[in-house]
Amino acid sequence: MEELQKKRSRIMDSRPDVSTIAVCCGTGCQAFGGEKVAQAFREKIAESGLQNSVAIKTTGCHGFCERGLLVVIRPQNIFYQRVRLEDVDEIFNETVINGKIIERLLYITPDGSSKITSEEEVPFYKKQMRLIFGANGNIDPAEIDDYIAIGGYSAIAKVLSSMKPEQVIEEVSAAGLRGRGGGGFPAATKWKSTREAEGEPKYVICNCDEGDPGAFMDRSLMEGNPHSILEGMIIGAYASGSNTGFIYIRNEYPLAVKNAEIAIRQAEEYGLLGENILGSGFNFSVHINRGGGAFVCGESTALMASIEGKVGEPRAKYVHTSERGLYDRPTVLNNVETWANVPLIINRGSAWFASICTENSKGTKIFSLVGKINNTGLVEVPMGITLREIIYEIGGGIPDGKRFKAVLTGGPSGGCIPENLLDLPVDFDELTRVGSMMGSGAMIVMDEDNCMVDIARYFLKFLEEESCGKCVPCREGLKRMRQILDDICEGKGEESHLELLEEMSAAIGDGALCGLGQTAPNPVLTTLKYFRDEYISHIVDKKCPAGVCKALISYHIVNENCTSCRLCVKKCPVGAIEFVDKKIPVVIHQDLCTKCGACKETCKFNAVEIR
């Protein structure tokens with residue numbers, strides 16, 4: 001244990017006070033040339049001979065994805081957004097060398113009233129509580145010394161030197177840590193049950209499958225701070241009596257796989273993983289298993305079947321995985337974010353963690369904020385914050401002055417929450433109460449242009465396609481529900497269909513084998529509950545109020561707005577629009593129109609309307 005502290009001291013002593021250029025190289029910012037920008041900075045540092053006074057750090061995702069590529073100059077925390085390769089020379093010469101601010105790269109508030117220089121003053125970050133995710137912007141995930149320098153692995157040193165396994169479980173229990181991957185099951189209860197279960201060996205698994213549309217929290221944590229997950233797993237393994245662990249990562253996450261592999265190798269080299277960890281006599285090894293991308297493999301028993309080399313199908317829940325899980329042995333399974341919370345609890349104490357809370361939900365939660373929102377990205381917020389605060393104060397509201405309609409939380413199996421519930425506190429129980437759930441943390445915002453019937457159909461279709469097909473309620477029930485929604489969107493719906501959808505939802509929820517099927521009806525049930533008028537419009541009036549469902553809309557010319565510019569005539573891909581004369585300038589032939597919307601998108605004079 002003393003050796004780890006000595007190593008930390010040596011790391012700190014070897015690092016002089018220098019300016020640091022932190023370049024986001026998470027998956028999103030890689031698309032904007034993150035690695036090329038970082039390399040260009042390295043070359044500028046070398047050319048200038050400033051290796052001893054300026055350092056470049058390639059980090060994981062900083063969270064503010066909509067503004068990528070992000071570059072932060074530390075210690076001043078100068079925040080530059082939407083940086084491109086051609087900006088490197090100017091940033092280096094003006095800011096790094098001369099300390100001048102480049103105003104065109106600063107964040108501008110949505111109302112255009114001010115430009116913000118400091119990262120911590122950007123509204124997107126200001127209201128967050130970045131306990132887990134904050135380190136992503138400060139460390140290189142491929143450098144274990146960076147993690148150790150910020151206190152990494154001190155929690156495992158504390159556990160192995162001064163705590164019994166039962167004490168670790170008690171501390172995590174007192175903290176009230178609930179699983180961040182879906183159901184919110186108390187983590188300590190799983191660990192205790194596994195420790196007390198008969199059978200050896202015992203296993204510990206980290207779920208980094210994350211198949212929800214719009215969700216990328218676990219990927220970004222694994223890419224940006226893999227050692228925090230490893231440290232949490234080591235502590236969980238010690239507490240539950242395991243010596244073998246697996247990280248299950250979907251194969252579509254190559255950077256997460258790469259950084260996890262590097263982290264495992266480095267931790268082994270430092271004696272923090274493998275045999276006799278920190279001289280304690282405790283052994284723990286971690287292996288990476290790549291998933292094929294099946295959504296159902298996010299379910300615990302399907303994931304374990306996949307690791308075993310079997311088809312990723314769930315099994316009946318009456319057999320608990322904490323007693324008979326992987327290879328029919330006692331197994332602890334938590335997701336990436338859950339494991340990353342564990343070192344914080346050990347280092348800062350259960351009372352501190354539990355103070356960030358509502359009654360039954362403790363700590364923070366990371367959400368991926370996507371959809372019709374100005375500030376897209378990853379946000380970490382304390383339990384109990386309201387949806388309104390997340391969407392309007394952190395997310396910056398709805399683009400183009402559009403009206404907020406709903407937010408879907410919990411991924412495709414979650415529920416759509418309407419505007420009148422925007423002041424709902426975000427925690428496990430409150431989201432469940434209104435028909436949604438926390439899930440893994442996807443939060444998809446919708447505006448007035450979204451059709452809620454079509455939204456329900458979209459997510460149901462996704463779940464239908466991702467169903468493993470093992471049980472009848474899910475395999476056949478979701479298919480039939482989707483067919484009914486197809487009929488409604490095509491103008492063939494009947495009022496009796498609404499009652500049928502509700503009855504089928506109840507039957508599928510009660511009869512499906514796993515969580516995928518049991519929660520799949522949520523988008524339908526919540527849209528029926530909160531947006532029933534839209535269903536009625538589709539069925540009775542044969543109209544789609546949002547103008548989305550093609551079978552129920554038609555495009556028409558507003559003659560008084562038309563300037564005879566004929567752009568719509570040129571853009572129509574099927575020749576359905578004809579110029580007549582100046583009195584009746586343009587006509588859309590409804591029998592030819594495919595309702596692609598090209599005419600409305602092209603028109604600059606609001607001369608095309610949907611009826």
Pair list, Cβ under 6 Å, 6 or more apart: segment 562-579 residue surrounded by fewer than 19 Cβ atoms within 10 Å (Cβ to Cβ), other residue part of a loop (DSSP other than H, G, I, E, B) and of a type outside the set (Gly, Ala, Ser): THR563/PHE605; SER564/PRO585; VAL574/LEU592; VAL574/THR594; PHE579/ARG566
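Please state which one of VAL83, VAL72 is outside the structural domain of ARG219 (by TED's automatic domain parsing), modelled with pLDDT of 95 or more and part of a loop (DSSP other than H, G, I, E, B).
VAL83
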Test: residue in segment 232-243 that is in contact with a helix residue (DSSP H, G or I) (Cβ under 9 Å, 6 or more places away or on another chain), in the same structural domain as ARG195 (by TED's automatic domain parsing) and surrounded by fewer than 23 Cβ atoms within 10 Å (Cβ to Cβ): yes
Test: LEU516 is of a type outside the set (Val, Ile, Thr) and at pLDDT 90 or above: no
Condition met for VAL342 (touching a residue at least 24 places away in the same chain (Cβ under 8 Å), part of a helix (DSSP H, G or I) and within 25 Å of PHE133 (Cα to Cα)): yes
Matching residues, segment 405-454, being more than 17 Å from LEU369 (Cβ to Cβ), touching a Cys at 6+ places or on another chain (Cβ under 7 Å) and aliphatic (A, V, I, L, M): MET452, VAL453
Residue within segment 268-286 that is of a type in the set (Ser, Thr, Tyr), at pLDDT 95 or above and under 21 Å from the mean Cα position of the chain (by Cα) present: no
Count - residues of segment 552-611 that are among the hydroxyl-bearing types (Ser, Thr, Tyr), under 26 Å from LEU485 (Cα atoms) and touching a strand residue (DSSP E or B) at 6+ places or on another chain (Cβ under 8 Å): 2
Helices (runs of 4 or more DSSP H) wholly inside segment 111-171 that include at least 1 residues being over 23 Å from ALA260 (Cα atoms): 123-126, 154-162
Residue check, PHE295 more than 28 Å from the chain's Cα centre (by Cα) and at negative phi: no
Hits in segment 593-609 - residues which are in a helix (DSSP H, G or I) and loosely packed, with under 15 Cβ neighbours inside 10 Å: GLU601
Tally, over segment 172-190, of residues that are hydrophobic (A, V, I, L, M, F, W, C), out of contact with any Phe, Trp or Tyr (no Cβ under 8 Å at 6 or more places or on another chain) and in a helix (DSSP H, G or I): 3
Answer residue from segment 272-286, given it is over 16 Å from PRO226 (Cβ atoms) and touching a residue at least 24 places away in the same chain (Cβ under 8 Å) and is surrounded by the most Cβ atoms within 10 Å (Cβ to Cβ) among those: ILE277
Complete set of residues in segment 347-399 that are within 21 Å of GLN81 (Cβ to Cβ), acidic (Asp, Glu) and at pLDDT below 95: GLU393
Output for segment 393-452, where each listed residue is without any contact (Cβ under 8 Å) to a residue 60 or more places away in the chain, touching a strand residue (DSSP E or B) at 6+ places or on another chain (Cβ under 8 Å) and polar (S, T, N, Q): THR409
Only listed residue being touching a Ser or Thr at 6+ places or on another chain (Cβ under 9 Å) and surrounded by fewer than 19 Cβ atoms within 10 Å (Cβ to Cβ), chosen from GLY298, GLY292: GLY292
Residue match in segment 315-331 (condition: assigned to a strand (DSSP E or B), touching a residue at least 40 places away in the same chain (Cβ under 8 Å) and buried (at least 21 other Cβ atoms within 10 Å of the Cβ)): yes
Any chance GLN30 is closer than 30 Å to VAL257 by Cβ and free of Cβ contacts under 8 Å to residues at least 24 places away in the same chain: no
Restricting segment 438-472 to residues that are small (Gly, Ala, Ser) and over 30 Å from PRO382 (Cβ atoms), the residue that is surrounded by the fewest Cβ atoms within 10 Å (Cβ to Cβ): GLY469
Residue in segment 128-142 that is surrounded by fewer than 16 Cβ atoms within 10 Å (Cβ to Cβ) and among the acidic types (Asp, Glu) present: no
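The values are calculated or read from the model by the stated rules, or taken from the named source; none is laboratory data. On a predicted model such as this, the values are computed, not experimentally measured, just so you know. Don't worry about glycine lacking a Cβ; one is built from the backbone with ideal geometry, like all the others, and counts go over all protein chains shown.
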